[in-house]
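What follows is a single structure, written as C-alpha cells, with notes after it.
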Amino acid sequence: MTTAGPVPPPPRQSGTPWPPGSAAPPSAVRYGPEAYRGQPPRPSAWSGARIVAVLLGILLAIFGLGAFGSGLGMGFLHVVARDDGYVTSPGEHVTSEGYAVLLGDAEVNTVGMPVDWPQRLFGDVRVRAQSLDGGEIFVGIAPASEARRYLDGVHHDEVGDSPRWSVEHDGGAPAVPPQEEDFWREQAAGPGVQTLEVDELATGQWALVVMSPDAEPGVDARVDVGATLPWLPWVAVAALVIGLLALAGAVALIVAAARGASRDRPPAVAYGPSALAGAPGDPGRSSGTGPGAPGTGRPWGAEPPAQGGPPADGRGAQGGPPADGRGAQGGPPADGGPRRGP
C-alpha cells in the first residue's frame, strides 16, 4: 500500500474565494498619485523654525556680500587709487569762453559736532589744476559768498554736481586780477600743474575758482580733488571681517536647517512593482522564501509540499514500497518469492 503525502490546496479559480487557511495575496498595487489616495498626509520635516533659519541665513548672506564688497571697494581705493597718499577723484575737464570757472559750493557744517570733524573725516585736502593750452593757470579756494561777489558781473561758467549741471553767466572782465584779492583761503598760480593743500576747513560754504592769473578770457584746464581719508584702511578691514563672519553665519544657519530636515524626513511611501516586496499579507516579506515571494514560481496562497511527501523521483515515503516494486525492508518481495531469512 502506498502512502501519499499531504495534498496541496487546489489552485484558486476565477470567481471562487481564496482557500481558507492560506495566506492572503497582497492588496492591488497602485501607481502615481493613486498610491497616496486615502493615506494620511506625510508630516513635513521643514518646521517653522527651520524655515525661519533659512530665511535669516539668506538675509545674512545678502548683508555679508554687501559688507564684503564694500570692504573690497574701499581696499581698492586705499591701495590702487591713492596718489602721493591722497585718494584722488578722476580729473575733470573744465572750459569756458569767459574769464573763470566756478566749481560749486562745498558746504562744511560743524554745528553739534566736534570742531575738528572735517579733519578726522577728510584728513588733508588737495586740489590740482593744469592748463591744457600750455599757458599759466590760477586756482583758488575761497568762501562761496566772496567768490560770487568777485565774479558778479563777470562772464564766467558755473559748474555743479548731484546731478551734473553747468550755467553760463554773461558779463565783462574782472575789475582786478585774482591774485590782488585777499579773501582766498588758499591759492596758487603759474604754468604746469598748480597744487593747493588745505589741512583744515572751517564751517561754511567754500568754492573753487579756476581762471587765468592775468584775468584773460578763455579757460581750458584739468582739475582733480583728493583727500587722505585716514579712516579708510581701518573701515575697509572691518567691512571685510564683518562680511566674512556674516557669510559664515549664513552658511551655518542654512546647512544646519537642511541637515535637520534631511535627518527627520519621514520614510518614503513605496508604490509600483517595488511595493510587492514586503507588502502586508506577503508571507515571504521577511525571508523571501515563503509563498508569494519573488522568484519562487508559486502563486499567492499556494503552500509548499509538506515534509515527508512523495519525492520527485517516485520513491515512496520512509517505510513505503520502493518505486521498483521491491518490498519494504524485511517484507515479502513484490514478485511473490519466498521471504529470506535474517
Is at least one residue of segment 202-210 over 21 Å from residue 98 (Cβ atoms), of a type in the set (S, T, N, Q) and at pLDDT 90 or above?
no
Could you check segment 132-151 and list, in sequence order, the residues that are farther than 23 Å from residue 183 by Cβ and either modelled with pLDDT of 90 or more or not charged (D, E, K, R) (or both)?
132, 134, 135
Among (1) farther than 15 Å from residue 106 by Cα; (2) surrounded by 20 or more Cβ atoms within 10 Å (Cβ to Cβ), where does residue 152 come up short?
(2)
Just need a number here: residues in segment 170-197 that are of a type in the set (Val, Ile, Thr) and within 18 Å of residue 148 (Cβ to Cβ).
1
Go over the candidates 53, 61, 45, 35 one by one and state the one that is more than 29 Å from residue 121 (Cα to Cα), at pLDDT below 80 and part of a helix (DSSP H, G or I).
35
Check on residue 148, assigned to a strand (DSSP E or B) and in contact (Cβ under 8 Å) with a residue 40 or more places away in the chain
no
Checking residue 235 against (1) surrounded by fewer than 14 Cβ atoms within 10 Å (Cβ to Cβ); (2) under 40 Å from the mean Cα position of the chain (by Cα), which test does it fail?
(1)
Per the filter on segment 170-188, residues part of a loop (DSSP other than H, G, I, E, B), more than 57 Å from the chain's Cα centre (by Cα) and surrounded by 15 or more Cβ atoms within 10 Å (Cβ to Cβ) are 174, 177, 181
Just wondering, is there one or more residues in segment 79-89 that are without any contact (Cβ under 8 Å) to a residue 60 or more places away in the chain, under 30 Å from residue 254 (Cα atoms) and loosely packed, with under 14 Cβ neighbours inside 10 Å?
no
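For residues that are among the small types (Gly, Ala, Ser) and modelled with pLDDT under 85, scanning just segment 77-122, find the one that is nearest to the chain's Cα centre (by Cα). Show your work before the answer.
Taking segment 77-122 first, the residues among the small types (Gly, Ala, Ser) are 81, 85, 89, 91, 96, 98, 100, 104, 106, 112.
With the extra rule that they be modelled with pLDDT under 85, the set shrinks to 81, 85, 89, 91, 104, 106, 112.
Working: 81: 30, 85: 37, 89: 34, 91: 38, 104: 43, 106: 41, 112: 42 Å.
Checking each candidate, the answer is 81.
Kindly check whether there is at least one residue in segment 152-175 that is among the hydrophobic types (A, V, I, L, M, F, W, C) and touching a helix residue (DSSP H, G or I) at 6+ places or on another chain (Cβ under 9 Å).
The first filter runs over segment 152-175 and keeps only residues among the hydrophobic types (A, V, I, L, M, F, W, C), leaving 154, 159, 165, 167, 173, 175.
After this cut, where a residue has to be touching a helix residue (DSSP H, G or I) at 6+ places or on another chain (Cβ under 9 Å) as well, the list is 175.
Yes: segment 152-175 contains one or more residues that are among the hydrophobic types (A, V, I, L, M, F, W, C) and touching a helix residue (DSSP H, G or I) at 6+ places or on another chain (Cβ under 9 Å).
The values are calculated or read from the model by the stated rules, or taken from the named source; none is laboratory data. In this text, all values refer to a predicted model and were calculated from it rather than measured experimentally. A quick note on method: Cβ atoms are made from the backbone with ideal geometry, for glycine too, and the neighbour counts reach across all protein chains shown.
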